[in-house]
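Chemist: Next up is a structure, given as structure tokens.
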Amino acid sequence: MSSLHPWTGEMAAYALGWSDTSGTPDSGGSEGKGVRQALAVLGAEAVGADGADAVPGAVAVEFVHTFSLLHDDIMDGDALRRQRPAVWKAYGTGPAVLAGDALLAQAMTTLAETPGRHAAAAVRCFCRTLNALVSGQAQDLRFEHRPWYGPGAVGPEQYRSMAEHKTGALLGCAVALGAVLGGAPDRTVTTLERAGRHLGLAFQAVDDILGIWGDPAVTGKPVHADLRRGKKTYPMLAALAGGGRAAHELAALLDPPQPLDHEAAAHVAALVEELGGRTATRDEARRHLDTARRALRDASLTRTAAQQLDGLFTYVLDRTR
């Protein structure tokens with residue numbers, strides 16, 4: 001990232017977990033889960049190409065993922081990211097926006113400068129994904145202002161549309177970019193992208209579980225953060241869908257005049273679990289993983305890479321952060 005301004009480069013390195021706020025290399029910084037980079041490399045290997053062919057795609061998706069986290073933390077008011085102050089907390093809101101923009105520009109540059117004849121197709125795939133990401137984030141923010149029940153409430157299909165754009169699009173793009181840069185035919189690229197999108201829906205479902213019941217020491221985020229913001233997550237929607245006394249109690253608790261305090265948030269979380277929201281969300285994640293695996297079987301992939309993709313899918317369901 002030597003082409004970045006030193007200040008934005010410092011913030012980007014902090015966001016990526018490479019350094020602390022003084023620019024000193026930080027061995028304790030988290031570089032994230034590496035799912036998107038792994039998908040890009042495996043996408044190339046799955047179509048019989050060298051994983052090295054996918055490195056520009058892997059770099060680009062990680063940069064754009066980090067860009068999206070920088071901006072998401074500002075929009076959601078999240079003060080922590082990966083057990084450290086979020087970039088906007090460490091440097092300020094304006095600088096964090098600028099660092100995110102720099103990462104996005106760097107991602108586009110990385111792909112556009114990829115040697116060989118597949119760069120243009122890779123950039124087109126990437127641009128479609130960026131539009132989807134913005135759409136999904138817009139839906140997510142708008143959902144916060146919609147009622148929990150009755151006319152105007154968010155339905156399961158609307159939730160899935162949001163999750164597919166916000167989370168599924170980039171995972172689908174990651175594996176598709178690997179295939180594109182590996183020279184795969186369009187049909188194979190489309191199949192792999194579909195598998196990645198369903199993986200993303202499963203990923204988001206697990207994120208929703210962790211947002212309510214995750215261990216802050218592991219997730220790096222405050223407990224019940226999604227509840228306090230009124231996020232329309234799958235566990236909440238599934239819990240409310242059942243009706244009955246507990247569902248009515250939950251609905252009443254979700255429209256307080258003030259944000260939920262720790263005790264109220266814990267009570268809401270317990271009600272959501274009692275109403276089956278947690279179990280329903282795990283089931284939702286499994287359904288999308290099954291669909292993703294079926295899509296993989298529809299493609300002609302190398303055996304080793306297909307097995308590694310399957311193992312990555314299992315990790316998504318079982319992860320704790």
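Values quoted throughout were computed directly from the atomic coordinates according to the rules given, and no laboratory measurement underlies them. Note that the coordinates shown come from a computational prediction; the quantities given were computed from them, not determined experimentally. As a convention, Cβ positions derive from the backbone with ideal geometry for all residues, glycine included, and neighbour counts pool all protein chains shown.
Chemist: Once the Cα atoms of helix 93-112 and of the chain are each reduced to a long axis, what angle between those two axes, in degrees from 0 to 90 to the nearest 10, is obtained?
Modeler: Orientation of helix 93-112: about 40 degrees from the principal axis.
Chemist: Now a separate question. Given a Förster distance of 35 Å, report the FRET efficiency between A252 and E157 from their Cβ-Cβ distance, rounded to the nearest 0.05.
Modeler: The value I calculate is 0.85.
Chemist: Of all trypsin sites (Lys or Arg not before Pro) in the stretch 74-130, which ones are in loop regions per DSSP and have a Cβ with at most 14 other Cβ atoms within 10 Å?
Modeler: R117
Chemist: Oh, and also: Compare G32, G277, G150 in a GNM of the chain, Cα atoms joined below 10 Å, and give the one with the largest fluctuation.
Modeler: Of G32, G277, G150, the most mobile in the Gaussian network model is G150.
Chemist: Take Y14, Y149, Y315 and order them by how many other Cβ atoms sit within 10 Å, fewest up front.
Modeler: Ordered by Cβ neighbours within 10 Å, fewest first: Y315, Y149, Y14.
Chemist: Based on the alpha-carbon gyration tensor of the stretch 52-191 and its eigenvalue square roots a ≥ b ≥ c, which shape applies: rounded if a/c is under 1.5, prolate if not and a/b is larger than b/c, or oblate?
Modeler: Oblate is the answer for the stretch 52-191, as a/c is 1.5 or above yet b/c matches or exceeds a/b.
Chemist: Counting helices only, and only those DSSP H runs with n ≥ 4, report the 222 nm mean residue ellipticity of the chain as the sum of -39,500 (n - 2.57) divided by its residues, in deg cm²/dmol to the nearest 500.
Modeler: -22000 deg cm²/dmol
Chemist: OK, next. What FRET efficiency do you get for W7 and T314 if R0 is 51 Å and r is their Cβ-Cβ distance, rounded to the nearest 0.05?
Modeler: Efficiency for this residue pair is about 0.80.
Chemist: Please label the shape of the chain as rounded, prolate or oblate, based on the square roots a ≥ b ≥ c of the eigenvalues of the alpha-carbon gyration tensor (a/c under 1.5 means rounded; beyond that, a/b larger than b/c means prolate, else oblate).
Modeler: oblate
Chemist: In nm, give the distance between the simple-model label positions of T190 and C127, each being 7 Å from the Cα along the Cα-to-Cβ direction.
Modeler: 2.0
Chemist: Suppose each label sits 7 Å from its Cα in the direction of the beta carbon; what would the A264-D20 distance come out to in nanometres?
Modeler: A separation of 3.8 nm, rounded to one decimal place.
Chemist: Still on this model: On a 0 to 90° scale, report how tilted helix 186-213 is relative to the longest principal axis of the chain, with both axes built from alpha carbons and the result rounded to the nearest 10.
Modeler: Roughly 40 degrees, rounded to the nearest 10.
Chemist: Would you list which lysines come within 17 Å of K33, measuring only between C-alpha atoms, while excluding same-chain residues fewer than 8 positions from it?
Modeler: Leaving aside lysines fewer than 8 places away in the same chain, those within reach of K33 are K221.
Chemist: Then there is this: Longest segment of the chain with no GluC sites (Glu not before Pro) in a DSSP loop having at most 13 other Cβ atoms within 10 Å?
Modeler: Answer from the scan: 145-321.
Chemist: Also, I was wondering about something else. How high is the relative contact order of the chain, in percent, with contacts defined as C-alpha pairs under 8 Å that are six or more residues apart?
Modeler: Across the chain, relative contact order equals 20 percent.
Chemist: Between Q139, Q258, Q106, find the one with the highest GNM mean-square fluctuation for the chain; connect C-alpha pairs within less than 10 Å.
Modeler: Checking each option, the largest mean-square fluctuation is seen for Q258.
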